[in-house]
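A short write-up of the structure that comes next.
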Amino acid sequence: MTRDAGAGPLARLLDGLAGEGWAVVDGLLSEEVLRGLRARLEELEAQGALAPARVGRGEGRQRVAEVRGDLISWLPGPLEVGGAREGLTAAERGLYERVDELVLGLNRRLFLGVRGYELHYARYGEGAGYQRHVDRLRGQPAAGRAGGLGERRVSLVTYLNEGWVAGDGGELCVWAPVEGGGEREALVAPVWGRTVCFESDRFPHAVLPARRARRSVTGWLLG
Ligand code: OGA
Ligand code: MN
């Protein structure tokens, strides 16, 4: 990861992705957007609109709470980059605008050819986690939702947890590949406004169980 104190969060995300293939930054989204996303997620929770996430695809697609314990709600989409933004809240539009900027930078700099994205809210209840996995297995076709926009290229998670402290758990554990073989383990605390981004097929990761509800908005850049 590049740690250039002079550059903004977007530039640091791009540097990280262009370098090691992953990055952690704070403050990619404004406080206003973060607060709006958090409020919308709580509204969806109150409406009972979150559903258990599923693992696998096709016939093997199933709910396995021991593997993955979060409840999710998809934002409208999958959406094309710069596509119509109907039915979104102001905060969701703010999120998409920022992700558009990221995509523009990635396509320019890394020639990734990202064409769209899919995003969901996620809530892990107390004790829930997600076992080690990769978001896209090499050589596998796109997941069901990606409909025509390509495969998952880059994973993106922004955390919406105010007042998160070390003892709360819920860290994202990332196994970063090391040059020459092997991997290095890193823990990312899911604190308010923190964004983690990584290449979807190269970084195994897991969500460690938390001692309180853990909220995020999670997405994939498709191309
Ligand atoms: C996922 C995932 C990580 C996190 O949804 O695939 O790995 O920190 N999420 O929530
Ligand atoms: Mn994942």
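The values are calculated or read from the model by the stated rules, or taken from the named source; none is laboratory data. From a predicted model like this one, the values you see are computed outputs, not experimental measurements. Methodologically, a virtual Cβ is constructed for each residue, glycine included, from the backbone with ideal geometry; neighbour enumeration extends over all protein chains shown. All accessible areas refer to the heavy atoms of the entire protein, side chains included, with ligands and DNA or RNA removed. Shrake-Rupley method; radii C 1.70, N 1.55, O 1.52, S 1.80 Å.
Annotations for the structure displayed:
- Candidates in the stretch 189-203 are the residues that are open to solvent by less than 20 Å² (accessible area, probe 1.4 Å) and not β-branched (Val, Ile, Thr); of these, the one that is farthest from ligand 1 (Cβ to nearest atom) is Gly193.
- Close contacts from the stretch 87-103, counting a first residue that is closer than 17 Å to Leu41 by Cβ and a second that is among the basic types (Lys, Arg), with Cβ to Cβ under 9 Å and a gap of 6+ residues or different chains, come to Thr89/Arg40; Ala91/Arg35; Ala91/Arg38; Ala91/Arg40; Glu92/Arg40; Glu92/Arg85; Arg93/Arg85; Tyr96/Arg85.
- Options Gly113, Gly180; residue that is farther than 24 Å from Ala51 by Cα and either touching a residue at least 24 places away in the same chain (Cβ under 8 Å) or charged (D, E, K, R) (or both): Gly113
- Enumeration of residues in the stretch 118-131 that are away from ligand 2 (no atom under 15 Å from the Cβ) and touching a Gly at 6+ places or on another chain (Cβ under 8 Å): Gly125, Gly127
- Residue match in the stretch 153-162 (condition: basic (Lys, Arg) and more than 14 Å from ligand 2 (Cβ to nearest atom)): no
- Filter pass, Arg108 being closer than 24 Å to Arg93 by Cα and within 10 Å of ligand 1 (Cβ to nearest atom): no
- Residue in the stretch 175-185 that is under 22 Å from Gly27 (Cβ atoms), open to solvent by 40 Å² or more (accessible area, probe 1.4 Å) and away from ligand 2 (no atom under 16 Å from the Cβ) present: no
- Residue pairs whose Cβ atoms lie under 8 Å apart, separated by 6 or more positions or on different chains, with the first residue in the stretch 38-55 and under 24 Å from Gln131 (Cα atoms) and the second modelled with pLDDT of 95 or more and in a loop (DSSP other than H, G, I, E, B), are Leu41/Leu160.
- When residues of the stretch 155-188 are limited to those that are of a type in the set (A, V, I, L, M) and farther than 19 Å from Val134 by Cα, the one nearest to ligand 1 (Cβ to nearest atom): Leu160
- The set of residues in the stretch 66-86 that are of a type in the set (A, V, I, L, M) and touching a residue at least 24 places away in the same chain (Cβ under 8 Å) comprises Val67, Leu71, Ile72, Leu75, Leu79, Val81.
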